[in-house]
1. Could you tell me whether the stretch 162-183 includes any residue that is in a loop (DSSP other than H, G, I, E, B) and of a type in the set (Phe, Trp, Tyr)?
2. Considering only the stretch 373-453, give the helices (runs of 4 or more DSSP H) lying wholly within it that have at least 3 residues that are charged (D, E, K, R).
3. Output the residues belonging to the stretch 51-75 that are in a loop (DSSP other than H, G, I, E, B), of a type in the set (D, E, K, R) and either farther than 20 Å from Leu194 by Cα or more than 10 Å from the ligand (Cβ to nearest atom) (or both).
4. When the stretch 211-233 is examined, which residues are found to be within 14 Å of Tyr164 (Cβ to Cβ) and over 22 Å from the mean Cα position of the chain (by Cα)?
5. Yes or no: Gly66 under 17 Å from the mean Cα position of the chain (by Cα) and crowded, with 21+ Cβ neighbours inside 10 Å?
6. Determine whether Asp360 is acidic (Asp, Glu), buried (at least 21 other Cβ atoms within 10 Å of the Cβ) and closer than 19 Å to Ala94 by Cα.
7. Which pairs have Cβ atoms under 7 Å, sit 6 or more apart or on different chains, and link a residue in the stretch 93-107 that is touching a residue at least 40 places away in the same chain (Cβ under 8 Å) to one that is aromatic (Phe, Trp, Tyr)?
8. Only one of (1) within 16 Å of the ligand (Cβ to nearest atom); (2) modelled with pLDDT of 95 or more; (3) part of a loop (DSSP other than H, G, I, E, B) is not met by Val48, so which one is it?
Amino acid sequence: MNVMRILAGAAGAALLAATLGCARRHTEAPGPHIDPAIAHAIGGIWAVDNHAHPVLAPPLDTTDRGFDALPVSSMAPESDPVALRPDYPLLAVAWKALYGLDATPPLDAAGLARLHALQEQAKTKHGENYPAWVLDQAHIGTELGNRVFMGRGVEPPRFRWVPYVDALLFPLDNRGLAAANPDRQQFFALEDQLRARYLKDAGLSAPPATLDAYLQRVVTPTLERQKAGGAVAEKFEVAYLRGFDFIDPPHAQAAAIYARWARGGTPDPAQYKLLQDFLFRYIAGECGRLGMPVHLHGMAGAGGYFGIAGVNPLLLEPIFNDPRLRRTNFVLLHGGWPYVREVGALLQKPNVYLDISSQDLLFPPHTEAQWLREWLEFEPDKVLFGTDGYPYSDGMGWAESVWMANRDARQALGIALTGMVRDGEISRNRAIEIARLVLRGNAERLYHFTSEH
Ligand SMILES: [Zn+2]
């Protein structure tokens, strides 16, 4: 069955609406109640995926490592969330929809071989268009690709670039920070490599001796080069490296700290933090000047060592409230969980947005719909759809995770909006308008582009 062709027409909306209505079939529980007109409308909207990690088209897919500056695959063991386990029931629905595979997770070796064979068939059939074909299956017109670099099949207009900027925050010797735990050990080594790449691109082999030279010859040119290369936003995954408690040290103090350790030596941790704090504000200001929103990983992250207290979005309030940064728009990725109330309150600031990527993968629609409804009742113009599709494992690659998060996100949206209509808060027409804002309109306004399709 050519799902893409079916989805492309009016029948596609009906098909996706049917999928929305039939809910978690795999558990044989009753599906969520979604108003049929709202489900139909949601199923027909070509979305902008605010955040994902697409993998390059074949044959580069097998060796591509550009999908994340800090890949989660080699982190120290954690208790895996249910949705990321190999027996997660929704995987069966995704395999069936994408490749026609009938199988029950977890897959044994033979099942995995069948899945791989079908994935290869689809890749061979679609070739360079395979990444775009994956978007078609989820009714996603444009996906923001959070990658170190873009490449074959992952290019505009279907994909827009969001590069990483954390490496610029840590210009000194990072061995002291890396010693904190095994995850930071590998992460700082990767950040050092990426910073070396940014220095090389700036024509340097080592950081300049002064802070002003570092800002003018490395930081600003890197951001400008990325913007010229198609970047529509900049991404910080700094929450994997330190907390959000950025204070506002004076330039002279930051310059003295930089000059003291730029040529080597392990910096004093408290002093080094002040330099990072200064650099964060500088980078955020430059992003505002260049018209690139700042993306922040904003929920409890992967791994057993992630600092959950440090990702409380209220820690960022002094940044959002800094009049010097009011030209910079910030997008808190992943809806802030567990700080869903805090992140909702921050939407009142004119320069703060959030997306629902990742949480639509990790939480079932009814759960997500609870806090989604609250946000939509409060600031419907500031909430963006996203998937956080990512090559998590053999059975759950970028394609599967995009498909699963997309389906659950649209269901959650349907549940939340149906509840608002049922309770007399909004009309059905307004509900459909809000669905369109969340799925694409808010992103189009924020990034100044029009989604494909
Ligand atoms: Zn991500």
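1. yes
2. Hits in the stretch 373-453: 398-422, 428-436.
3. Across the stretch 51-75, the qualifying residues are Asp64, Arg65.
4. Hit for the stretch 211-233 is Val219, nothing else.
5. So Gly66 fails the test.
6. yes
7. Within 7 Å, the pairs are Ala94/Trp403; Ala97/Trp403; Leu98/Trp403; Pro105/Tyr88.
8. Checking Val48 against (1) within 16 Å of the ligand (Cβ to nearest atom); (2) modelled with pLDDT of 95 or more; (3) part of a loop (DSSP other than H, G, I, E, B), the one that fails is (3).
The values are calculated or read from the model by the stated rules, or taken from the named source; none is laboratory data. Bear in mind the structure is a predicted one, so any value in this text is a computation, not a measurement. We place every Cβ from the backbone using ideal geometry, glycine too, and count neighbours over all the protein chains shown. All accessible areas refer to the heavy atoms of the entire protein, side chains included, with ligands and DNA or RNA removed. Shrake-Rupley method; radii C 1.70, N 1.55, O 1.52, S 1.80 Å.
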